[in-house]
Number of protein chains: 2
Amino acid sequence: MKSVKEAQDTIIKFSKKGASESIAFEDCLNRMLAEGVFADRDAPPFDRVAMDGIAIQSEQLLKRQRFFIEDIQAAGQEQKKLKNPENCLEVMTGAVLPYNTDCVIPYERITIDNGIAALDSTAHKSFQNIHKKGVDAKKGDQLLPAGTWVHPGVKGVLATTGLTMVKVVKSPTIMICSTGDELVPIENKPLPHQIRRSNVYMLQAALKDLNIEAETTHLPDDKPKLKTAIKELLRDYDVLLFSGAVSKGKYDFLPVVFQELGVQIHIHGVKQKPGKPFLFGSQGEKFVFGFPGNPTSTLVCFHAYFKLWLKQHWGIKDILTFGHLDKDIVFNKPVTNHLLVMTSTEDGKLLAKPIANSGSGDWVHLALADAFLSLPSEQSEFKKGEIFPITYLHKNSF
Amino acid sequence: MKSVKEAQDTIIKFSKKGASESIAFEDCLNRMLAEGVFADRDAPPFDRVAMDGIAIQSEQLLKRQRFFIEDIQAAGQEQKKLKNPENCLEVMTGAVLPYNTDCVIPYERITIDNGIAALDSTAHKSFQNIHKKGVDAKKGDQLLPAGTWVHPGVKGVLATTGLTMVKVVKSPTIMICSTGDELVPIENKPLPHQIRRSNVYMLQAALKDLNIEAETTHLPDDKPKLKTAIKELLRDYDVLLFSGAVSKGKYDFLPVVFQELGVQIHIHGVKQKPGKPFLFGSQGEKFVFGFPGNPTSTLVCFHAYFKLWLKQHWGIKDILTFGHLDKDIVFNKPVTNHLLVMTSTEDGKLLAKPIANSGSGDWVHLALADAFLSLPSEQSEFKKGEIFPITYLHKNSF
């Protein structure tokens, strides 16, 4: 049995950066850029008017406070020219700064009467309210390095560079497999000894939150049928996620089926609670994750191990985040305790309040958690206020 | 001009909870439950075996340490019965606890030889490793109240209750409108005085992160055309988001067009930087948000105001989160300073490091920010380590 640290190191060792593909700009949100993006023009591409008002020649401020309005320079118009340096042009935000001008004075600082703009004062400076050509980036500059995650702000930058196709890291193709003859489809009324399938929907949702669309299937607790099905799935998908059938039960056929199919098992059993029977293996470029069948074990192992694998695939650096335990806890077993918590912040501190629950088979209370703290195996008393690594189960955008 | 607080109070005053609709279970991730969800059976629905091993009658532990294995109780099988109380049944995780047994001893604590299970000790207790019927919830209990956000764990609970249709708060229908004659489609090569449309894609992505699919359109800087187009859009959509045309420019026709169309303008101008010209109005049940056209202004106002409106629509309580400013800042204007930052955590503290940028028209540096701190107008010196309200621009699930 591996420690959590050894298991995570094993995942990292057998993972590698995914291949890349070109996709349409429309589809690139929440994907990882596989190559740098460069400016196709200066940013801004011209001396850009940054306030609505008038544009003048600043040296005229020594001589006059009233300017005849020659014309208007609107956004989207070709650059105009101030003909007489004693005059001004009205200018709109986003417009090109007119030729022969170097100072923009906003409407708030002038009064216009009879085609004459009168300034409130002559205390204005050259280049004020002008967003200078190239100040943010020069043509050819790298705007976004490879390894940038495409969030809305990044998508805005991509649009501005005119990229209609974007090179990103390929998403793995994933099949989520439930096992366990006690499971029935959700639309069925279960018999007294049956329960409805739920882990596969939970995993499918967790993957969707990571912008991966995965399929689900159900496999019977029958060794020959499992073997035939998994052989085909290994051919058709990059990653298989299993819920159940990896523990010590008589019908937990997955480990032996994997061995017979030539899947190398790198991890089987981790010193942790929940999730002790967790399994991880590979066959060439294909990967299998065997999550124990209890809902909490499944979700915790997904986030502790599959997400770590996915970070390597996408090339995301794994950064530990720490949260403050919000309650005294005693846990005497010499294993890592992944403790379900509900997070909040207080005065800029990240708090993690443990969720009362009855164990890894308790799906009812799983709905209340948004993260887990990983309490180390060497310690058995954990005090309120101590900090421990935290892993999020989901984040909404509020 | 309103303060940020007055503007936010105005948004809250004119917002209300959205109507509800029934949608398929498959589509309910990241939606808001509009009604409570109740257990259709006990959870667990039976005394559930929680470890692979054997089930015995605990009172036999006083008399014997070796048990003949009568049969196997697998998960998904009807409940079996231990015929002879001196014997045991092998039992698998997820199975119904066999009739006549009250104690599960895991394989790790026994050795099996010749059909006889020998215990490591008699120090086992009744009801150990049994997940008791109804301990997590009783049939009829409310599992999830109305106002629960459907994250993956909640989706698992919904699956278990067998809900194939789920009642959720309706998503608003939204059109995102760019204005500004300087804008060209992203696939075009802009002329020297033009730039590509980008704000609409940024807003569309920000809405998608909130699980709302919105459309985009472009409107010309032409008052009659604007009026005709907006009249139709107000008929067809719940919410219109505008980027640009709300400031003091000659071609900023939106405020007057709204007035002519009977849109009540509740906010026009907020004491803040960026985003001073922000506009918010309503016409019956329809809402318009006018974001200033600069990329940073647009994104900041979307998160400061539209998201606040959406929280009311969904019935999400607005909870302020605070982050630690990670650098000394001086800002002398008597307005709220929405400062772009990159967040991180250090020892359980939420840090917010300001992003260097050249102003609200700088889209290049917007890509580096993941949040903004709102520095209050009454203060002008802000010290490293002080805490201020933080608003996230996006959150990825790592």
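The values are calculated or read from the model by the stated rules, or taken from the named source; none is laboratory data. Note that the coordinates shown come from a computational prediction; the quantities given were computed from them, not determined experimentally. Cβ: placed from backbone, ideal geometry, glycine included. Neighbour counts: every protein chain shown. Quick note on the areas: whole protein, heavy atoms, side chains included, nothing else; ligands and nucleic acids left out. Shrake-Rupley method; radii C 1.70, N 1.55, O 1.52, S 1.80 Å.
Out of B:Gly244, B:Gly269, I need the residue that is on the phi > 0 side of the Ramachandran plot and at pLDDT 95 or above. Which one? Give the derivation first.
Numbers: B:Gly244 fails: at pLDDT 95 or above.
That would be B:Gly269, the only listed residue that is on the phi > 0 side of the Ramachandran plot and at pLDDT 95 or above.
Just to be sure before I move on: is B:Val270 within 14 Å of chain A (Cβ to nearest Cβ) and under 30 Å from A:Asp136 (Cα atoms) in the structure I sent? For B:Val270, the condition - within 14 Å of chain A (Cβ to nearest Cβ) and under 30 Å from A:Asp136 (Cα atoms) - is not met.
For A:Pro295, the criteria (1) within 21 Å of A:Tyr201 (Cβ to Cβ); (2) touching a strand residue (DSSP E or B) at 6+ places or on another chain (Cβ under 8 Å); (3) within 14 Å of another protein chain (Cβ to nearest Cβ); (4) not acidic (Asp, Glu) hold in every case but one, which is (2). Of all residues in the stretch B:298-316, exactly one satisfies the criterion of being within 12 Å of chain A (Cβ to nearest Cβ) and hydroxyl-bearing (Ser, Thr, Tyr), namely B:Thr298.
Please verify whether A:Arg196 is basic (Lys, Arg) and open to solvent by less than 30 Å² (accessible area, probe 1.4 Å), treating the condition exactly as stated. Steps first, answer last, please.
Working: basic (Lys, Arg): yes; open to solvent by less than 30 Å² (accessible area, probe 1.4 Å): yes.
In short, yes.
Is it fair to say A:His266 is in contact with a Gly (Cβ under 7 Å, 6 or more places away or on another chain), part of a strand (DSSP E or B) and touching a residue at least 40 places away in the same chain (Cβ under 8 Å)?
So A:His266 passes the test.
Figure legend. Inter-residue proximity from the stretch A:326-340: first residues assigned by TED's automatic domain parsing to the domain that holds A:Ser380 and under 11 Å from A:Gln379 (Cβ atoms), second residues open to solvent by 30 Å² or more (accessible area, probe 1.4 Å) and part of a strand (DSSP E or B), beta-carbon distance below 6 Å, spacing 6+ or different chains. Indicated pairs: A:Val330/A:Glu381; A:Asn337/A:Lys273. Residues of the stretch B:172-193 that are in a loop (DSSP other than H, G, I, E, B) and open to solvent by 30 Å² or more (accessible area, probe 1.4 Å): B:Thr173, B:Asp181, B:Pro185, B:Glu187, B:Asn188, B:Lys189, B:Leu191, B:Pro192.
Of note, B:Lys250 does not satisfy the criterion of being in the same structural domain as B:Pro185 (by TED's automatic domain parsing) and assigned to a helix (DSSP H, G or I). When the stretch A:341-363 is limited to residues that are at the interface with chain B (Cβ under 7 Å from one of its Cβ atoms) and over 22 Å from A:Ser198 (Cα atoms), the one that is least open to solvent (accessible area, probe 1.4 Å) turns out to be A:Gly348.
Restricting to the stretch B:188-217, count the residues that are touching a helix residue (DSSP H, G or I) at 6+ places or on another chain (Cβ under 9 Å) and either closer than 13 Å to A:Ala159 by Cβ or facing chain A (nearest Cβ under 8 Å) (or both). Number satisfying all stated conditions: 16.
Annotation: of all residues in the stretch A:210-224 being open to solvent by 40 Å² or more (accessible area, probe 1.4 Å) and not polar (S, T, N, Q), the one that is nearest to the chain's Cα centre (by Cα) is A:Glu213.
Can B:Ile319 be described as under 26 Å from B:Lys13 (Cα atoms), free of Cβ contacts under 8 Å to residues at least 40 places away in the same chain and either within 13 Å of another protein chain (Cβ to nearest Cβ) or among the charged types (D, E, K, R) (or both)? In short, yes.
Scanning the stretch A:318-334 turns up no residue that is in contact with a helix residue (DSSP H, G or I) (Cβ under 8 Å, 6 or more places away or on another chain) and crowded, with 21+ Cβ neighbours inside 10 Å. Number of residues in the stretch B:22-49 that are facing chain A (nearest Cβ under 9 Å), under 16 Å from A:Gly359 (Cα atoms) and surrounded by 21 or more Cβ atoms within 10 Å (Cβ to Cβ) equals 4. Which of the residues spanning the stretch A:368-383 are under 31 Å from the mean Cα position of the chain (by Cα) and within 10 Å of A:Lys333 (Cα to Cα)? A:Ser377 - this is the single residue of the stretch A:368-383 that is under 31 Å from the mean Cα position of the chain (by Cα) and within 10 Å of A:Lys333 (Cα to Cα). A count restricted to the stretch B:15-30 and to residues that are in a loop (DSSP other than H, G, I, E, B) and within 16 Å of the chain's Cα centre (by Cα) stands at 3.
Rundown of residues vs (1) buried (at least 23 other Cβ atoms within 10 Å of the Cβ); (2) within 30 Å of A:Ser377 (Cα to Cα), yes/no style:
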{"site": "A:Ala229", "(1), (2)": "no, no"}
{"site": "A:Tyr237", "(1), (2)": "no, no"}
{"site": "A:Val256", "(1), (2)": "no, yes"}
{"site": "A:Gly269", "(1), (2)": "no, yes"}
{"site": "A:Pro277", "(1), (2)": "yes, yes"}
{"site": "A:Ser282", "(1), (2)": "no, yes"}
{"site": "A:Phe287", "(1), (2)": "yes, yes"}
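All told, B:Thr101 falls short of being assigned by TED's automatic domain parsing to the domain that holds B:Glu59, free of Cβ contacts under 8 Å to residues at least 40 places away in the same chain and over 44 Å from the mean Cα position of the chain (by Cα). Of everything listed in (1) at pLDDT 95 or above; (2) more than 9 Å from chain B (Cβ to nearest Cβ); (3) closer than 21 Å to B:Lys349 by Cβ, the single unmet condition for A:Pro334 is (3). In the stretch B:379-386 there is at least one residue that is modelled with pLDDT of 95 or more and open to solvent by less than 10 Å² (accessible area, probe 1.4 Å). One residue alone among B:Leu299, B:Leu366 is over 20 Å from A:Lys349 (Cα atoms), outside the structural domain of B:Ala214 (by TED's automatic domain parsing) and either in contact with a helix residue (DSSP H, G or I) (Cβ under 8 Å, 6 or more places away or on another chain) or surrounded by fewer than 18 Cβ atoms within 10 Å (Cβ to Cβ) (or both), and that residue is B:Leu366.
Selection of the stretch A:344-385 for residues being free of Cβ contacts under 8 Å to residues at least 40 places away in the same chain and assigned to a strand (DSSP E or B) yields A:Ser344, A:Thr345, A:Glu346, A:Lys349, A:Leu351, A:Ala352, A:Lys353, A:Pro354.
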